[in-house]
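Peer 1: Can you keep this structure in mind? I'll have questions shortly.
The values are calculated or read from the model by the stated rules, or taken from the named source; none is laboratory data. Since we're looking at a predicted model, the values are computed, not measured. FYI the Cβ positions are ideal-geometry reconstructions off the backbone, even for glycines, and counts take in every protein chain you see.
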Amino acid sequence: MHADALPVARAPESAVAAVVPTGPQTAKQLRFALTDAAGFSKMPKPRAGDWLASFKEPGQSFAEYLRSRPVRARPGQDVLAFQPVGGFCETQRAVVQATIEFAGVWFDLKTRTLEALPLPGADWSRQRSFSWVDEPVTQYLTDWFLDNALPPQRPDDAVCLVGVTAGDLYPEPGWNYVFGQASLHRRVGIYSVARFFAKFWGREETPATRLQALRRSFKLVVHETGHTFGVEHCIEYECTMNGSNSLEESDRGPLHLCPPCLRKLHVNRGFDVLERYRGLLALYRKHGLEHEARWTLERMQRIATVP
Ligand SMILES: [Zn+2]
Ligand SMILES: [Zn+2]
């Protein structure tokens with residue numbers, strides 16, 4: 001489905017290494033992809049301040065995942081819908097558009113972007129001063145999105161509605177900020193890309209900071225939407241479903257699912273794992289996410305060695 005978006009591989013010195021496996025997965029390859037853990041790092045001991053140093057989480061087995069009766073797309077309710085809220089600068093808009101396309105491939109779902117809604121006024125926001133910028137920053141209360149603004153916008157054919165804003169968010173008065181929050185029973189979530197950009201920190205935007213913002217946005221949206229599909233935090237391997245306490249911690253984590261988490265997403269969505277990786281590879285290459293492209297290609301090649 002996404003394979004035709006694949007750029008032609010450049011004539012390489014190491015032609016063999018650049019070959020992208022083609023064709024659908026075999027049953028053996030699928031089993032291998034969901035169990036083989038070579039190339040995945042076990043979760044290291046948490047550093048001070050890391051998520052697992054702050055929260056003792058038990059993890060979630062495959063059986064527990066099934067028992068939780070997770071949200072699933074079904075015929076007639078199979079669109080991943082996105083709701084932009086407030087304005088975006090050109091750089092932010094490009095990152096959000098790329099993230100939506102990426103999430104569609106990650107979850108193997110059709111996506112739709114709704115027309116933008118305005119941000120709320122003073123009743124649902126506050127001004128905060130930060131040491132690194134002169135102007136105060138407006139922060140928006142997540143309740144407004146989750147309880148008021150997003151639920152009536154969720155299209156009938158949407159499995160969930162993902163709100164995205166460039167405004168900074170807070171979940172309650174005692175908190176400094178939050179990257180996002182979701183309401184599982186309303187099947188809506190709201191995420192902020194504000195802090196992913198150098199601009200927020202009073203610094204100059206460069207190609208490197210734009211790429212970093214893109215990677216952060218990809219990670220946040222598929223992590224949080226993964227929760228919407230019932231996948232809880234991963235404590236076994238370094239994985240996009242690891243909990244994270246800070247930008248620094250999530251920057252350290254990878255943009256891929258470990259085999260147990262991929263198995264949960266697979267039982268939920270039922271995609272062809274090789275086709276999904278081909279789609280992700282095409283997007284990593286398109287956006288210059290070289291580390292992720294290399295990882296994905298190597299993973300596909302390893303799976304393809306199984307008959
Ligand atoms: Zn999480
Ligand atoms: Zn995992």
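Peer 1: Sort out which residues of region 32-73 are part of a helix (DSSP H, G or I) and surrounded by 14 or more Cβ atoms within 10 Å (Cβ to Cβ), and write them in order of number. Talk me through it step by step, then tell me what you get.
Peer 2: Applying the first criterion (part of a helix (DSSP H, G or I)) to region 32-73 yields 32-33, 51-54, 62-67.
Selection gives 32, 33, 51, 52, 65.
Peer 1: From 252, 216, 299, 276, which residue is surrounded by fewer than 20 Cβ atoms within 10 Å (Cβ to Cβ) and either more than 11 Å from ligand 2 (Cβ to nearest atom) or modelled with pLDDT under 95 (or both)?
Peer 2: Numbers: 216 fails: surrounded by fewer than 20 Cβ atoms within 10 Å (Cβ to Cβ); 299 fails: surrounded by fewer than 20 Cβ atoms within 10 Å (Cβ to Cβ); 276 fails: surrounded by fewer than 20 Cβ atoms within 10 Å (Cβ to Cβ).
Checking each option against the conditions leaves just 252.
Peer 1: Just a yes or no: is a residue in region 221-240 within 16 Å of ligand 2 (Cβ to nearest atom), in contact with a helix residue (DSSP H, G or I) (Cβ under 6 Å, 6 or more places away or on another chain) and either aromatic (Phe, Trp, Tyr) or over 30 Å from residue 267 (Cβ atoms) (or both)?
Peer 2: Yes, region 221-240 contains at least one residue that is within 16 Å of ligand 2 (Cβ to nearest atom), in contact with a helix residue (DSSP H, G or I) (Cβ under 6 Å, 6 or more places away or on another chain) and either aromatic (Phe, Trp, Tyr) or over 30 Å from residue 267 (Cβ atoms) (or both).
Peer 1: Just to check your reading of the model, which residue among 228, 206 is among the β-branched types (Val, Ile, Thr), under 12 Å from the mean Cα position of the chain (by Cα) and closer than 22 Å to residue 283 by Cβ? Can you show your working first?
Peer 2: Working: 206 fails: under 12 Å from the mean Cα position of the chain (by Cα).
The unique qualifying residue is 228.
Peer 1: Quick one: in region 216-258, of everything that is part of a helix (DSSP H, G or I) and small (Gly, Ala, Ser), which residue is farthest from ligand 1 (Cβ to nearest atom)?
Peer 2: Quick first cut of region 216-258, residues part of a helix (DSSP H, G or I) only: 216-228, 247-252.
From the residues that got through so far, the ones that are small (Gly, Ala, Ser) too are 217, 226, 250.
Numbers: 217: 15, 226: 8, 250: 10 Å.
Of everything passing the filter in region 216-258, 217 is farthest from ligand 1 (Cβ to nearest atom).
Peer 1: Of all residues in region 170-185, which are under 20 Å from residue 100 (Cα atoms) and either part of a loop (DSSP other than H, G, I, E, B) or more than 13 Å from the chain's Cα centre (by Cα) (or both)?
Peer 2: So the first thing to find is which residues in region 170-185 are under 20 Å from residue 100 (Cα atoms), and the list is 179-184.
179, 181, 182, 183, 184, listed by residue number.
Peer 1: Working only within region 20-75, note down all residues that are of a type in the set (D, E, K, R) and at pLDDT 90 or above. Working first, answer last.
Peer 2: If we filter region 20-75 for residues that are of a type in the set (D, E, K, R), which is where we start, we get 28, 31, 36, 42, 45, 47, 50, 56-57, 64, 67, 69, 72, 74.
Answer for region 20-75, where residues must be of a type in the set (D, E, K, R) and at pLDDT 90 or above: 28, 31, 36, 42, 64, 67, 69, 72, 74.
Peer 1: Surrounded by fewer than 18 Cβ atoms within 10 Å (Cβ to Cβ) and within 15 Å of ligand 2 (Cβ to nearest atom), is that true of residue 267? Write out each step before concluding.
Peer 2: Values: surrounded by fewer than 18 Cβ atoms within 10 Å (Cβ to Cβ): yes; within 15 Å of ligand 2 (Cβ to nearest atom): yes.
In short, yes.
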